[in-house]
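A quick write-up on the structure given underneath.
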Amino acid sequence: MEPEHRPPPETGAESSRQSGSRYRREEIVRLATSTGLASVEELAAVFEVTASTIRRDLAQLTAEGRLARTYGGAMALLTHAEPSLRQRIGEAFEAKRGIARWAARQVVAGETVLLDAGSTVGALAHELRWTSPLTVATTGLTSLQALADAEDVHVECLGGTLRHLSQGFVGPLTEAALERMTFDRVFLGADSVTADRGICEAALEQTRLKELMARQAQQVYVLAHAAKLGRRPFHAWAQLPDGWTLVTDDGAEPGAVAPFHAAGVEVVVVDAEGRTAGSPA
């Protein structure tokens, strides 16, 4: 029986170098995740190594799928893992229902409205089943399912490439369909939203689509429960036109809402029944 082959034991210096490399790469990922971008020169200065060492680190981290290379550096693929629509449907259920109920009351029979993908907008689609006559165009499978048997609601499906995580259509076919229509109102979902940057999403293709959706409508609403206000989990942004409305729930802290007021955004805060502050019970 042949003796088992074992690699030679690591020397203390080799073990220390490998440990140092692993630590440095973990720190590179952490920095790229917290700041969004990491340049070779900055990283070399931070870790007091050569630029060629950093380039080797970035090449390995890219091969492992942990970073994406950019010119002169790297960026995090995602600051946080994007949850699937299935995961998000059960989150903040009461808040989303209240937001959906308020939003549905803004829609007037006979209008043509545009619905984004997402769980809160999907809840709105369910509320719109009893508003008729109505024309609804949507990029979201959840809205399509909610309206599939609403006979007095005319539904236009804006097809394209299906994003499985968000259960929504994106891409050039979706955009081409949108360019042929205009809408009285659009209701947009968001991974998060800030007063200065607009809607934050996991993918650039989502932000381009949301900007086009906003341009095609007379009135723009962003439906976002309290936990989504002011957060910056990703690095793709959709800028919104002047005059948009943020609809959130009464769990939102005053400090989270204040920047939107200061930026001139109309903010509507509702309870679980879709009532605004001061509305009769």
Ranked from highest to lowest mean number of other Cβ atoms within 10 Å per residue, what is the order of the peptides 184-192, 133-141? 184-192, 133-141
In region 110-158, which GluC sites (Glu not before Pro) fall in coil by DSSP and have 12 or fewer other Cβ atoms within 10 Å? Glu151
For Val193, net neighbour charge (Lys/Arg +1, Asp/Glu -1) across residues whose Cβ lies under 14 Å away: -2
Leaving ligands, DNA and RNA out of it, rank Trp130, Trp237 by accessible area with a 1.4 Å probe, largest first. Trp130, Trp237
Once you have a ≥ b ≥ c as the square roots of the Cα gyration tensor eigenvalues for region 169-252, tell me rounded if a/c is under 1.5, and otherwise prolate or oblate according to whether a/b is larger than b/c. oblate
Where Lys and Arg each count +1 and Asp and Glu each count -1, what net charge lies around Leu209 among other residues with Cβ under 12 Å from its Cβ? -2
Karplus 3J(HN,Hα) series, Hz, for region 92-104 with 6.51 cos²θ - 1.76 cosθ + 1.60 (x for Gly, Pro): 6, 4, 5, 4, 5, 5, x, 4, 5, 5, 5, 4, 4
At a temperature of 37 °C and a viscosity of 0.692 mPa s, determine how fast region 141-281 diffuses translationally according to Stokes-Einstein, using the Kirkwood radius over alpha-carbon pairs as Rh; express D in µm²/s, rounded to the nearest whole number. 203 µm²/s
Using the Cβ atoms and a cut-off under 14 Å, what net charge is assigned to the surroundings of Leu128, where Lys and Arg are +1 and Asp and Glu are -1? -3
Where only protein heavy atoms count, and the probe is 1.4 Å, what is the accessible area per residue for region 101-163 in Å²? 40 Å²
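The values are calculated or read from the model by the stated rules, or taken from the named source; none is laboratory data. In this text the structure is predicted, and so the values were computed from the model without any measurement. Quick reminder, even Gly has a Cβ in these numbers, built from the backbone with ideal geometry, and neighbours come from all protein chains shown. Note: areas computed on protein heavy atoms with side chains; ligands, DNA, RNA excluded. Shrake-Rupley method; radii C 1.70, N 1.55, O 1.52, S 1.80 Å.
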